[in-house]
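The block underneath contains the structure these notes are about, expressed in structure tokens.
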Amino acid sequence: MAFLRAIDRLSFAFAVIAMAMLIGLVFSMVYEATARYAFNAPTRWSYDVSYMLNGGLIFLAAAFTLTGNNHVRIDFLSTRLPVRGQHAINFAVYALLFLPILGACTWAAIAAAWNAAITGELEPVSAWRPKIWPFYTAVATGLAGLWLQALTEALRHAVGIIQPGNVRSPAQSVPH
């Protein structure tokens, strides 16, 4: 279980980075609003910075959200099953559906980030035209963290099928 706790800590580290990005997002929005409305001097960079920070922090925070079982779920049927049945359904969804699809998305995001870094790709629809690789890298890193956390949750559900008392109930949220 030390491996599982290590992944949980990695997810928390990504969340801390997301929190720092949120502070940067707030600063850039306040700066833009002040420059635009108080000094009639809008910036060329605020739109790009805001969508890149916002998109990056959402992906980086996704794994931490999963550690607390706080993603939106529709589980009105599975919650009526015994705990072992709930773990079995959750394990099957993670192993057969979520992990493969998320793995493919993660792989594509890593390839896009790598390609953007190698080629020096610029944001194509921006007047500012910043390099896009930092944004792509944040998205790829967040997806990779989410994949690792999903793998961790799948392993917890596998344990829950055999020994339900050793892991939290699938429907139980975890306070952070």
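Here are the numbers:
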read-out: Cβ charges +1 (Lys, Arg) and -1 (Asp, Glu), total dipole of the chain, debye; value: 320 debye
read-out: HN-Hα J in Hz across region 115-130 - Karplus 6.51, -1.76, 1.60, θ = phi - 60°, x for Gly and Pro; value: 4, 5, 5, 5, 8, x, 4, 10, 4, x, 10, 9, 6, 6, 6, x
read-out: Whole-Hz ³J(HN,Hα) from phi, Karplus 6.51 cos²θ - 1.76 cosθ + 1.60, for region 5-19, glycine and proline x; value: 5, 5, 5, 4, 5, 4, 4, 5, 4, 4, 5, 5, 4, 4, 5
read-out: Label assignment, Cα Rg over 2.2 N^0.38 Å derived from the structure, set [x] 1.05; [y] 0.99; [z] 1.25; value: [z]
read-out: Of ARG156, ARG129, ARG36, the one that fluctuates the most in a GNM where the chain has Cα springs shorter than 10 Å; value: ARG36
read-out: GNM flexibility winner over the chain from LEU148, LEU60, LEU122 (Cα, springs under 10 Å); value: LEU122
read-out: Sequence-separation-based contact order of the chain, relative, with Cα cut under 8 Å and 6+ spacing, percent; value: 31 percent
read-out: Amide H contacts of ARG73 (H built 1.01 Å from N, under 5 Å, at least 5 apart or other chain); value: none
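Quick note: the coordinates plus some simple rules give every number you see, no bench work behind them. Quick caveat, the model's predicted, so the values are computed rather than measured. Because the Cβ atoms are built from the backbone with ideal geometry, glycine has one as well, and the counts that use them run over all protein chains shown.
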